[in-house]
């Protein structure tokens, strides 16, 4: 190998190598410099990580692949976020992905950082065939209960799709819709379409809660998204119940009773 290559140049060359059978890699292996050998170890780890991501990607397409083989083209993955918080809406998303969608980092939104979710959200918005969002606020949640409100949000998300889906893949739910559907336990970790929907729902709701934080400061909505954290409960005690609080949820209900 040309010894004139610096360590930085070797690292750059490794970026374009994707197989140990590449002649260029064979040359680099012969370089005994510690910096080069360290770079090679890092390259091996990166390849192994990429392989795991690809395997996970393929595993998460098992439900979609089966339906695609049955000539079912438009498959909507559906998920929600916001069933547990004390404040704010429950948000559902329905996403129809194209067959050639190949974004390896997509996973259950709860497993991703905020920055990664935001980046993937933009990619999904750009490449998805259709996206629908359904939102049910605290008044609906208090009126019909959170489980039914979640269903209503999911149905609204499906109805807001610009393409009529031929099949629904849903995270642990059954919807009263005249569309074939499959309910999958922990679907956001098993189906790419559901995982994409979980990201859209999560980012959409988190951004809503950040706006609510400006409107109702003191509850930590920008960080806790309405969940019952210590900061949120302290804010509830200090500032009282806001219009976006769920009045039928225990800590909020208790606070209302105390004020009477």
- Task: For residue 12, indicate whether it is loosely packed, with under 13 Cβ neighbours inside 10 Å, modelled with pLDDT under 90 and either assigned to a helix (DSSP H, G or I) or out of contact with any strand residue (DSSP E or B) (no Cβ under 7 Å at 6 or more places or on another chain) (or both).
- Result: no
- Note on the structure: For residue 162, the lone unmet condition from (1) surrounded by 14 or more Cβ atoms within 10 Å (Cβ to Cβ); (2) in contact with a strand residue (DSSP E or B) (Cβ under 7 Å, 6 or more places away or on another chain) is (1)
- From the list 124, 131, 140, pick out the single residue that is touching a residue at least 60 places away in the same chain (Cβ under 8 Å), surrounded by 16 or more Cβ atoms within 10 Å (Cβ to Cβ) and part of a helix (DSSP H, G or I). 124
- Message: Please count how many residues of region 217-232 are more than 14 Å from residue 84 (Cα to Cα) and without any contact (Cβ under 8 Å) to a residue 40 or more places away in the chain.
- Response: 7
- Item | Failed item in (1) free of Cβ contacts under 8 Å to residues at least 24 places away in the same chain; (2) part of a loop (DSSP other than H, G, I, E, B); (3) in the same structural domain as residue 159 (by TED's automatic domain parsing), with residue 183 passing the rest | (2)
- Task: Give the residues of region 241-260 that are modelled with pLDDT of 95 or more and either assigned by TED's automatic domain parsing to the domain that holds residue 137 or part of a loop (DSSP other than H, G, I, E, B) (or both), sorted by residue number.
- Result: 241, 242, 243, 244, 246, 247, 248, 249
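The values are calculated or read from the model by the stated rules, or taken from the named source; none is laboratory data. None of these values were measured; they are calculated from a predicted model. Positions of Cβ are generated from backbone atoms using ideal geometry, with glycine treated the same way; all protein chains shown enter the neighbour counts.
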